[in-house]
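Everything on this sheet refers to the single structure shown next.
Every number in this text was worked out from the coordinates using simple rules, so none of it is lab data. Please read all numbers here as calculations on a predicted model, not as lab measurements. With ideal geometry, Cβ positions are generated from the backbone for all residues, glycine too; neighbour counts draw on all protein chains shown.
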Amino acid sequence: MPFISNTSEQQAQMLAELGLTKEDLFADIPEELLCEDFKLPAGLSEQRVRDSLAELAEKNSTHLTCFLGGGFYDHFIPAAVNAIVSRSEFYTAYTPYQPELSQGILQAIYEYQSVICRLTEMEVANASLYDGGTALYEAMMMARRITGRNKIIIDDSVNPIYRVMIHSYTRNLKIEFEESQCRDGLVDRQQILDRLDDKTSAVILQNPNFFGCIDDFSDIAAAAHDKGALLIVSCYPISLGILKTPGAMGADIVTGEGQSLGLPLSFGGPYLGLMAAKKQYVRKMPGRIAGETTDASGRRAYVLTLQAREQHIRRDKATSNICSNEALCALTALVYLSLLGKEGLRETSQVCADKASYAYKRLTAMPGVQPHFRGKWFFNEFVLDLPCEAADVIGKLIERGFAAGFPLSRYYSGMENSILICVTEKRTKHEIGMLAEALESVL
Amino acid sequence: MKLIFEKSVPGRRAVQAGPGDVPTVNMQSSLLRERAAEIPELSELDVVRHFTELSHRNFGVDSNFYPLGSCTMKYNPKVAEHVASYPGFAQLHPLLPQLRMGGMLTQGALRVLYEADLLLREITGMAGFTMQPLAGAHGELTGMMIMAAYHEDKGNKKTTVLIPDSAHGTNPASAAIAGYSVVSIPSSKGGVMDVDAVKQHLNDEVAGLMLTCPNTLGLFNPHVKEICDLIHSVDGLAYYDGANLNAIVGKARPGDFGFDIVHVNLHKTFATPHGGGGPGAAPVGVKEELVPYLPVSVVAKRSDGTYTLEYDRPKSIGYIAPFYGNFSVVLKAYVYILMLGKEGLARVADNAVLNANYVKEKLKGPYKVPFDKLCKHEFVLSISDQMARNGIRAMDIAKALIDRGFHPPTVYFPTVVHEAMMIEPTETESKETLDGFIDAMIEIAEQAGSDPDKLRTAPTTAPVCRPNETVAAKNLDIACL
């Protein structure tokens, strides 16, 4: 009997003590509502399950050399990360409702919040949201609560997956969306200024943007603030090892996908929604927050705080419906950053940029391959125009062992020949050379 | 204990970044950060010791009994963690299926999603699932969005959702975020939603109902089908909050009760670990009529036996997660269901219900049980007698349990019971463990009479004792900068 401790004898003994039969246990369910015949398979042994799942795992192509990014990155994960987060005191716990038995995770959340603030140069952060997309949606809702306004300006260089998610969530909420089109890889200032007015709640931007290009939004933050609007910036945390931070630009709310901080790609999740903000907005922020306090004997202690914002207290008036978040993923991010350390993070970030720059030069040196945006700084992703359809080329490169990039035609019209290529610190000079050779052979 | 930042030593390193085998690029300085982020500087040993020390100040199901009501803290099988770590799953990029013929690169993962869907359909009696919702509340919101899409499609003008007062707070919050106003239905004297109360609040503006069954008192509502029928009579939809599915899994199906939409908390009923607050996963299932509204994408099986993702779904509510949900959580639940099979799942409910009733009967004398009848997977005590006699509160009992090696039950919820203590033993616990817990509870009840002050100073064995939450909220310190 997998995972049941009591023997049949013990079960019989317990039933006898209760004066019940096994059938009596479900006597409160009307008979016509009981299901007599579930069409489910018989249980399997651990060995059988492992064998068949290993076979399924083999059917997934994880052997491809990965130049695929698009917001989800193949970074190196030190072995110590998994060794630490696999400690069962962390992963088999529930949400820390009893602080005396949860000081470990509560302190870790406090440290995570601190490290996210330090990374983004913001003043407060929450304990995590589900992923970068839902975090951006929550930030938008938060901006509406803060400003009491209903118009949102979002640039088309924000991850298209996040943009469709935001539109899906807000379909019934009558929010006025205006989408600005980036020009030559960067946010078109004039379009933002033309759209900013006293009805605008927030401007939503991303850095590096979906095309990998990097920008400084300080001027946009100032313009938004002039109109009483907020700036929301979606970020890529690894890039903040070297890039100007959203905090330094004057962003009011920062979100991001935390997957790059030590979480495996795992076919889409679990991931980690980052959220940080200016301190003045903390009471409008969704999600759990750990805070420092003292206990009955004056010892330093950690608790969940500002719970009066949350669903279990405020019910339909809560700032968000979120309950379970991604605590273990937040712990993973904290452990990962602690292992990299101050210099390691800077170095990793720089090496990503260096390798992407090298790949860009190597690939654009090939006949017929052109940069899509000329003379623009990028972090670790860039767009190339090929002489033929990018989706087709990517398909041919899969046969040669490469996930060479993402075909932008999937989300952007007129970019049929454009490919988004990502290079992380894991890729070597040799692999970049191999990609170039393979590309040359299929063009 | 010290914060990790207080252990930092300038210049100390743990992991070195990958080989920097290419020239360094010097970017325009206005695009760069001025100072390096103050991430702590530690050796690998420092980091491992810090988090090991933190883990010693934490408590999981592997530590001991964790009867946290409505959270279903059952044992999390290690085999599921093992399978989720297979590189073929863990290293799989979610954008691969969007490449040309990319679906063929992920056939194993798509099959897991497809088969988990089929299994959950059969377990719940629904016609189709989405694996995308990332936690219980996210499943609720997805369900409410499906409800809204259905009514919009039919041209129905609906504005309210009926929710019992004993519901989890996420229910009203999710309904409100989806754009509905919430009508709270008081529990009957018997502890469940009664048919007359539903009739009283029923009108053409009712979009639907959200119900947990058995509810948070651990009581199965015998009129559940009649209530669903009533909701249908005004073209409303009935939503089943699957937080308590563990009580009836393998025995009865919400689809057969008349529910149109369900969410299933994989991190409860299907044994995936909760990670100290997440990740969870809460697939949402719907009846045939609502299948067109499920989020994109949906995994389908082709006639040649291969799997594909369908994106062209004009009636869909759209994208609620970036990809296919918390895939590795779904994978772990799939492993669990495969191992248990039909017989094993029925045994889950048998033993969850047996264990709960056993503990309830044994605690009935020393404590007040406000709804003293057959319960399902959990039950609620009231500490009101101890409160009246000695001023002892549910929180005091909870803290005293900590000193006896147990995680306390859920306290002060549901709010319909005064000084509530909600106990959910789960099926994986042994009689010896339950007896140990029962003995501890009885001993605490005695101490409440003989030495109540001692209870008020518990716990004494934990690293901290009763941290001050008022101070935490007042002198807000939520980051070390």
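Where both bridge residues fall in chain B, DSSP classifies roughly 55% of the beta bridges as antiparallel. Mean residue ellipticity, 222 nm, helices only, chain B: the sum of -39500 (n - 2.57) across DSSP H runs of n ≥ 4, divided by residue count and rounded to 500, is -11000 deg cm²/dmol.
Classified by the C-alpha gyration tensor, the protein assembly as shown has a prolate form. Its axis ratio a/c, with a ≥ b ≥ c, is 1.5 or above, and a/b is larger than b/c. What does a probe at residue A:24 reach in the stretch B:210-231, counting residues whose amide N is under 18 Å from the point 7 Å along Cα→Cβ? Once the point is set 7 Å along Cα→Cβ of residue A:24, B:220 turn out to lie under 18 Å by backbone N, inside the stretch B:210-231. Normalised by the number of residues in chain B, the mean separation of alpha-carbon contacts (under 8 Å, six or more apart) gives a relative contact order of 18 percent.
Could you tell me which of rounded, prolate or oblate describes the stretch B:80-339, using a ≥ b ≥ c as the square roots of the eigenvalues of the alpha-carbon gyration tensor, with rounded for a/c under 1.5 and, failing that, prolate when a/b is larger than b/c and oblate otherwise? Prolate, because a/c is 1.5 or more and a/b exceeds b/c. Determine the percent antiparallel among the DSSP beta bridges restricted to chain A, to the nearest 5. The antiparallel proportion sits near 55 percent. Computed over chain A, relative contact order equals 20 percent, with contacts defined as Cα pairs under 8 Å that lie 6+ residues apart. Remark on residue B:32: its backbone amide H falls under 5 Å from those of A:244, a criterion applied only to residues 5 or more positions apart or on other chains, H modelled at 1.01 Å from N. With a 10 Å cut-off around each Cβ of B:350-362, the average count of Cβ atoms from other chains is 5.
Rounded to the nearest 5, what is the percent of antiparallel bridges among the DSSP beta bridges in the protein assembly as shown? Beta bridges within the protein assembly as shown, antiparallel portion: roughly 55 percent.
Neighbours of residue B:235 by Cβ distance under 10 Å: Lys/Arg scored +1, Asp/Glu scored -1, total +1. If I build a Gaussian network model for chain A, linking alpha-carbon pairs within less than 10 angstrom, which residue out of A:153, A:105, A:29 has the largest mean-square fluctuation? Between A:153, A:105, A:29, it is A:29 that shows the largest mean-square fluctuation.
For a paramagnetic label modelled on residue A:198 (point 7 Å from Cα along Cα→Cβ), amide N atoms under 16 Å away belong, within the stretch A:137-164, to A:147-151. The sum of -39500 (n - 2.57) across all DSSP H runs of n ≥ 4, divided by the residue count of chain A, sets its helix-only mean residue ellipticity at 222 nm to -11500 deg cm²/dmol.
With the convex hull constructed from alpha-carbon coordinates only, the stretch A:1-148 shows a mean projected area of 18.2 nm² over all directions. Label-to-label distance for residue A:283 and residue A:16 is 6.2 nm, based on points extended 7 Å past Cα in the beta-carbon direction. Cβ crowding within 10 Å, taken as a proxy for footprinting-reagent exposure, orders A:76, A:3, B:257 from fewest neighbours to most as A:76, A:3, B:257.
Summing charges over all other residues whose Cβ lies under 10 Å from the Cβ of residue B:151, with Lys and Arg as +1 and Asp and Glu as -1, gives 0.
With the simple spin-label model, which puts each label point 7 Å out from Cα in the Cβ direction, the residue A:189 to residue B:418 separation comes to 6.7 nm. In plain terms, the residue of A:362, A:299 with the fewest other Cβ atoms within 10 Å comes first and the most crowded comes last, giving A:299, A:362. Here the 3J(HN,Hα) profile of the stretch B:450-467, calculated from phi with Karplus coefficients 6.51, -1.76 and 1.60 at θ = phi - 60°, is 7, 8, x, 4, 5, 5, 5, 9, 6, x, 10, 9, 7, x, 9, 10, 6, x Hz, Gly and Pro shown as x. Using alpha carbons only, how many angstrom separate the centre of the stretch B:288-346 from the centre of the stretch B:174-199? Centre-to-centre distance over Cα atoms comes out at 30 Å. Rounded, prolate or oblate: which fits the stretch A:79-335 when a ≥ b ≥ c are the square roots of the eigenvalues of the alpha-carbon gyration tensor, with rounded for a/c under 1.5 and prolate only if a/b beats b/c? Here the stretch A:79-335 falls in the prolate category. From least to most packed, judged by other beta carbons within 10 angstrom and beginning with the fewest, A:342, B:78, A:284 follow the order B:78, A:284, A:342.
The separation of the stretch B:1-34 from the stretch A:363-413, counted between C-alpha centres, amounts to 30 Å. Legend: mean number of C-beta atoms from other chains within 10 angstrom of residue C-beta atoms, peptide A:164-171, equals 5. Net charge of the neighbourhood of residue A:179, taken over other residues with C-beta under 10 Å away and scored Lys/Arg +1, Asp/Glu -1, is -1.
If R0 is 22 Å, the Cβ-Cβ spacing of residue A:150 and residue B:315 corresponds to a FRET efficiency of close to 0.25. Distance between the modelled labels on residue A:374 and residue A:225, one decimal in nanometres: 3.7 nm (7 Å Cα→Cβ projection).
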